[in-house]
């Protein structure tokens, strides 16, 4: 009986990879939050103690916000904590919830695929332009969007695979009764 409950090897491998990717997203977003806190502390110190405001802080902070927002959202989709993914399907009766789960996973996979596809185009288009004050590629602003799109596609596709195999373990979606 225990063998029957054990997921297939490819599913365990898929889950392992997707879990690691989500953890990497959270780690990078966490490091970005700490870095932003440190550079804002430097901004305040520079402005009020040294009387010399560092001008690069705003541009670097905007890049860090992109990293935090997009990688955090991707990890939220994987970990089922992204509010916009579950709020509507939790409002419907459990009898139609599975349909909403499938629809939301398909929409998220499609949205992620479009973010990835058009994010590549945007990143390539902006790559040779420099961000004022820091002289880094403008394409870095859209790179988190592109990476997040790929991750949204992968995470949502992973959810759909688990759902099709009857191995979906999300507590908020399927009528367990």
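What follows draws every value from the coordinates through simple rules; no lab data is involved. Keep in mind that this is a model prediction, so the values were computed, not measured. When we count neighbours, we look across all protein chains shown, and the Cβ atoms used for this are built from the backbone with ideal geometry, even at glycine.
Output the relative contact order of the chain, whole-number percent, from Cα pairs under 8 angstrom with separation of 6+ residues.
The value is 26 percent.
Report the residues of the stretch 63-106 in range of a label on residue 117: point 7 Å along Cα→C-beta, backbone N strictly under 20 Å from it.
Of the residues in the stretch 63-106, 103-106 have backbone N under 20 Å from the label point off residue 117.
In a Gaussian network model over the chain where Cα atoms closer than 10 Å are linked, find which of 52, 15, 105 has the largest mean-square fluctuation.
It is 52.
If N is the number of residues in the stretch 1-97, what value comes out of its Cα radius of gyration divided by 2.2 N^0.38 Å?
Taking N as the residue count of the stretch 1-97, the ratio is 1.66.
Angle between the Cα long axis of helix 9-48 and the longest principal axis of the chain, 0 to 90 degrees, nearest 10?
20
Past the 14 angstrom mark, what percentage of all C-alpha to C-alpha distances in the stretch 79-161 do you count?
So the portion of pairs separated by more than 14 Å is 67 percent.
7 Å from Cα along Cα→Cβ at both residue 130 and residue 33: what's the point-to-point distance in nm?
Between residue 130 and residue 33, the simple spin-label model gives 3.4 nm.
Kindly provide the helix-only [θ] at 222 nm of the chain, computed as the sum of -39,500 (n - 2.57) over DSSP H runs of four or more divided by all residues, to the nearest 500 deg cm²/dmol?
The helix-only estimate for the chain comes to -25500 deg cm²/dmol at 222 nm.
Give the whole-number value, in cubic angstrom per residue, of the convex hull volume spanned by the C-alpha atoms of the chain. Present the calculation step by step, with values, prior to reporting the outcome.
Values: hull volume 23.7 nm³, N = 177.
Roughly 134 Å³ of hull volume per residue.
I want to make sure I understand the PRE zone here: with the label point 7 angstrom from the Cα of residue 23 toward its beta carbon, which residues in the stretch 39-75 have backbone N atoms less than 18 Å away?
72, 74-75
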